[in-house]
1. With no solvent and one equal point scatterer placed on each C-alpha of region 43-126, evaluate the Debye formula and give log10 I(q)/I(0) for q = 0.14, 0.23 Å⁻¹, two decimals.
2. Name the trypsin sites (Lys or Arg not before Pro) in region 45-112 that are in a loop by DSSP and that have at most 14 other C-beta atoms within 10 Å, would you?
3. By average Cβ neighbour count within 10 Å, what is the ranking of 50-60, 87-97, 112-122 from highest down?
Amino acid sequence: MSRLRRLDAIVSISHDIDELFERFFGTQESNAVWEPPVDLFVTERRAYLMAELPGVAASEINVRVGTRAVQILGTKRPPEKVRRGVTFYESQIPYGAFEKRVSLPFAVKPDSVKVTVKDGVLSLELERADASTVRVIRVE
């Protein structure tokens, strides 16, 4: 019985390692190498989303807003001196493509989003959609 438990533990560790590599190197549905941390908070009329993107140029950021989700995509490029064939002794800063998908707790108006970037923080202000914006189709 103990051998079976050890085998289950090894299989579990193997799956965990596969998930780690998949997350680090991206999956088939995404080429993202890393995900920026985000905060989402809401008031009665608005949702506010902030993403930490230090070192990412505003021109490298794309934001897609749907009625119930936000997707932030882009690329963090290494500094010019890193591109000249240097040897790393330590490398902890992620570079490359990134993607973050955030589900919203309520429907928003995608065409009324306010976007700012300041001090490496992307901020979005999203207005809640009124119930009247939902289209109801009567089937007869």
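None of the figures in this text is laboratory data; all of them are computed from the coordinates on show. Keep in mind that this is a model prediction, so the values were computed, not measured. Neighbour counts are summed over all protein chains in view; Cβ atoms, including those assigned to glycine, are modelled from backbone coordinates with ideal geometry.
1. -0.55, -1.12
2. Values: sites: Arg45, Arg46, Arg64, Arg68, Lys76, Lys81, Arg83, Arg84, Lys100, Arg101; in loops: Arg45, Arg68, Arg84.
Filter output for region 45-112: Arg45, Arg68, Arg84.
3. Details: 50-60: 15.1, 87-97: 9.7, 112-122: 12.8.
In descending order of packing, they fall as 50-60, 112-122, 87-97.
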